[in-house]
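Undergrad: One structure is given below, represented as structure tokens, and several questions about it will come after.
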Amino acid sequence: MDRAGIKQAEYARRSGRSKRVISHFCRNERVMLPEDLYTAAKILSCSMEDLYEWIES
């Protein structure tokens, strides 16, 4: 969101999610559902894979 220049409140408005839920996502306290990942990728103009750090085992 920082790179896209979007504040949490604006992201919440665009995504239809509450500011509280967005705050949980940003603090990694809640995992995004696939539909949240899709919405985030559209809003932030990135791929869904860009939204999390993927660690291969």
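The values are calculated or read from the model by the stated rules, or taken from the named source; none is laboratory data. This structure is a prediction, so every number in the text was calculated from the model and none was measured. Neighbour counts run over all protein chains shown; Cβ positions are idealised from the backbone, glycine included. All accessible areas refer to the heavy atoms of the entire protein, side chains included, with ligands and DNA or RNA removed. Shrake-Rupley method; radii C 1.70, N 1.55, O 1.52, S 1.80 Å.
Undergrad: Would you mind working out the magnitude of the charge dipole of the chain relative to its Cα centre, with +1 at each Lys and Arg C-beta and -1 at each Asp and Glu C-beta, to the nearest 20 Debye?
TA: That gives the chain a dipole magnitude of about 500 debye.
Undergrad: Label Ser45 and Ala9 with points 7 Å out from Cα along Cα→Cβ: what is the distance between them in nm?
TA: If labels sit at Ser45 and Ala9, their model points lie 2.4 nm apart.
Undergrad: Quote the relative contact order of the chain in percent (integer), defining contacts as alpha-carbon pairs under 8 Å separated by 6+ residues.
TA: 27 percent
Undergrad: From the Cα gyration tensor of the chain, with a ≥ b ≥ c the square roots of its eigenvalues, which class applies: rounded if a/c is under 1.5, or else prolate if a/b is larger than b/c, or else oblate?
TA: Because a/c hits 1.5 or more and a/b exceeds b/c, the chain counts as prolate.
Undergrad: Given a 1.4 Å probe and every protein chain left where it sits, what share in percent of the accessible area of the chain is carbon and sulfur?
TA: That fraction is 49 percent.
Undergrad: Heavy-atom accessible area per residue, the chain, 1.4 Å probe: how many Å²?
TA: Using a 1.4 Å probe on heavy atoms only, each residue of the chain averages 81 Å².
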